[in-house]
Amino acid sequence: MALPRILLASLLHETNSFNRILTPLENFKGRFLLLNENDVRSKLTSSGTEMGGFLNACDTYSWHAEIAFAAAAGPSGPMVETDFSQLKTRLIEAASTKPDGVLLALHGAMITEKSDDPEGDIACALRAIIGPEVPMVITLDMHANLSPRLVEAADALCIYETYPHVDQAQTAERAAAILNDLLTRPKNGKRLSKSIIMRPSMLDAADHGRTFPAGPMNIILERMNELKSEYNLLSAGITIGFPWADTERTGTAVVLYAEQDADIDLHIPAYELCNLLWKSHTETQLRFTSIEDAIADALTPEMVDKPLILADFADNPAGGAYGDSPNLLRAMIDANLKNAAYASICDPEVVRQAQAAGMGAVIDVALGGKYAPEITPPLFLTVEVIRYHDGKILFNGPVLQGVTIDMGECVLLKHNDIEIIVSSRALAITDIEQFRAFGVEPSKKSVVTLKSRNHHRAAFEPIARKVMLVDAGGIASMQLDKIPYQNLKRPIWPLDHLSNPNTAITILEFCHDD
């Protein structure tokens, strides 16, 4: 008896609409761009990625994996349309062999230069190829802006339940368990599930979904999983949304799936979860530590032999920002901080300048501030060139454990007693190896500043005396009322006054009677 043939693919990109730089396929090499099966297996088997989870599940269930590709980029500007079309075509061609099932990893907040719902495009195109009887289960990031077309096309969605995201592989294995269940159902020409999306009018919720340190999202997820059991749901998920994507679907959502023939009113659990999301708005932080307060804390003598971690999150590449703001670094230099490290400023021009000068050279640089100088002007600085690095770094995790990321050519510079890592690609700092690769030991520093919001906590909080989120300016700021949205569905909190999300709730149901 032939093994079930399962089509596997991952295409992960979180898009910031306000980033002026398009994202080509080349940029996916910063995380991974693997276009043939052997590369996917050699690079991602046993990794903490969705593809790692899919491959593990194929072994568990004795499936034959047919791998289309695995591609993941750091968050950034809209994807180049022709490059997206190339991957979409590759996936459709792979599906034309009519597999027995599909496991697909998407982000859920992707935009291209021509489409604000490319992931919905992919899912619908796949469904048209595989027909109604072939089950398709899709994983999504917690910060997806849920597409109704994606929900309609899938038999189930599985969504991350951790932030920092340390459960990508586990989410993929949950998706595979659902697929395994669906594969045992009799084929009767109909889809196997029904679903509901319920969307409270919120641009963000549950303190952006953080689960470490524990916050309101932990309580909401606990109740979600109780309801999933009580109602015998195939799948239940909550998306917090990605607020820097300017689309009609941007914001939070609840999505529930049940068996097609189940006598379940999905409105009841969906409404309960929406109300929990709304209640969390009082615990959703929109204003953060200023540069002045962060520096004051850094200058306060501490007896604890651990570093203060300053997260320069408004210019966080994991929010699709440019990663080249020197605003917080400028303040650190002005304050003459001692025994400090900063990672990283994305500035390929300065990297090339330092490489040309040679190690040990002292040079004058205009650091950062190339892309949005009106809010993050360049920093003019004299620095010593300490070290070069090719930017390829194997992550120890927990985030992206086992993945080799590529920050592009990098240099370590030094100004007074501050070490500064400069990269050629904008990638968030989430792993301690991103310092250690340059000979910098963050646990021995007094102050460590990095571009991240919450993903860094998994690796850096254990070594920190305190973690402070600092809004030093950038296009991933949580001052959402200052962002020039054009396409949001209004009214929406916090831009508009809402006493309850039910005053502007959106409900979509799909019975999947193909």
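Couple of notes before you dig in:
- Residues located in segment 96-146, provided they are hydroxyl-bearing (Ser, Thr, Tyr) and under 19 Å from the mean Cα position of the chain (by Cα): 112, 139
- Within segment 27-38, considering residues that are over 25 Å from residue 158 (Cβ atoms) and more than 18 Å from the chain's Cα centre (by Cα), the one most open to solvent (accessible area, probe 1.4 Å): 38
- Taking helices (runs of 4 or more DSSP H) as the structural unit, those lying wholly within segment 48-167 and holding at least 2 residues that are farther than 30 Å from residue 202 by Cα correspond to 50-61, 81-95, 118-130.
- Test: residue in segment 61-84 that is in contact with a strand residue (DSSP E or B) (Cβ under 8 Å, 6 or more places away or on another chain), among the aromatic types (Phe, Trp, Tyr), surrounded by 24 or more Cβ atoms within 10 Å (Cβ to Cβ) and under 24 Å from residue 259 (Cβ atoms): yes
- When 426, 437 are checked against the criterion of being touching a Pro at 6+ places or on another chain (Cβ under 7 Å), within 20 Å of residue 29 (Cα to Cα) and either modelled with pLDDT of 95 or more or not polar (S, T, N, Q) (or both), 426 stands alone in meeting it.
- Among residues of segment 168-185 that are under 13 Å from residue 4 (Cβ atoms) and open to solvent by less than 10 Å² (accessible area, probe 1.4 Å), those with a beta-carbon under 9 Å from a residue that is in a helix (DSSP H, G or I) and of a type in the set (Phe, Trp, Tyr) at least six positions away or on a different chain give the pairs 176/54; 176/61; 179/61.
- Of the residues in segment 44-59, at least one is polar (S, T, N, Q), closer than 23 Å to residue 237 by Cβ, open to solvent by 50 Å² or more (accessible area, probe 1.4 Å) and modelled with pLDDT of 95 or more.
- Residue ID - modelled with the lowest pLDDT, chosen from residues in segment 354-376 that are within 27 Å of the chain's Cα centre (by Cα) and open to solvent by less than 20 Å² (accessible area, probe 1.4 Å): 372
- Only one entry in 116, 121 is over 22 Å from residue 95 (Cβ atoms), charged (D, E, K, R) and open to solvent by 30 Å² or more (accessible area, probe 1.4 Å), namely 116.
- Of residues in segment 248-271 being out of contact with any helix residue (DSSP H, G or I) (no Cβ under 7 Å at 6 or more places or on another chain) and in a helix (DSSP H, G or I), the one least open to solvent (accessible area, probe 1.4 Å): 270
- Segment 272-296: number of residues that are among the hydrophobic types (A, V, I, L, M, F, W, C) and in a loop (DSSP other than H, G, I, E, B): 2
- Residues in segment 298-334 that are free of Cβ contacts under 8 Å to residues at least 40 places away in the same chain and either under 23 Å from residue 378 (Cα atoms) or among the β-branched types (Val, Ile, Thr) (or both): 300, 334.
One line per residue, one yes/no per condition, for (1) within 28 Å of residue 324 (Cβ to Cβ); (2) open to solvent by less than 50 Å² (accessible area, probe 1.4 Å); (3) in contact (Cβ under 8 Å) with a residue 24 or more places away in the chain:
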{"site": "446", "(1), (2), (3)": "yes, no, yes"}
{"site": "460", "(1), (2), (3)": "yes, yes, yes"}
{"site": "467", "(1), (2), (3)": "yes, yes, yes"}
{"site": "485", "(1), (2), (3)": "yes, yes, yes"}
{"site": "498", "(1), (2), (3)": "no, yes, yes"}
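- Selection status of residue 434, open to solvent by 30 Å² or more (accessible area, probe 1.4 Å) and not basic (Lys, Arg): no
- Candidates are the residues of segment 5-26 that are out of contact with any Leu (no Cβ under 9 Å at 6 or more places or on another chain) and among the charged types (D, E, K, R); the one that is surrounded by the most Cβ atoms within 10 Å (Cβ to Cβ) is 14.
- The single condition from (1) open to solvent by less than 10 Å² (accessible area, probe 1.4 Å); (2) closer than 30 Å to residue 459 by Cβ that residue 221 fails is (1).
- Taken together, the residues in segment 128-151 that are farther than 20 Å from residue 79 by Cβ, open to solvent by 20 Å² or more (accessible area, probe 1.4 Å) and touching a helix residue (DSSP H, G or I) at 6+ places or on another chain (Cβ under 8 Å) amount to 2.
- Close Cβ contacts (under 6 Å, 6 or more residues apart or on different chains) running from residues in segment 58-87 that are over 24 Å from residue 100 (Cα atoms) and of a type in the set (Phe, Trp, Tyr) to residues that are part of a strand (DSSP E or B) and open to solvent by less than 10 Å² (accessible area, probe 1.4 Å) comprise 84/112.
The values are calculated or read from the model by the stated rules, or taken from the named source; none is laboratory data. The structure presented is a predicted model; accordingly, all values stated were derived computationally and were not measured. Every residue, glycine as well, gets a Cβ built from its backbone with ideal geometry; the counts of neighbours run over all protein chains shown. When the accessible area is computed, the model is the full protein with side chains, heavy atoms only, and any ligands, DNA or RNA have been set aside. Shrake-Rupley method; radii C 1.70, N 1.55, O 1.52, S 1.80 Å.
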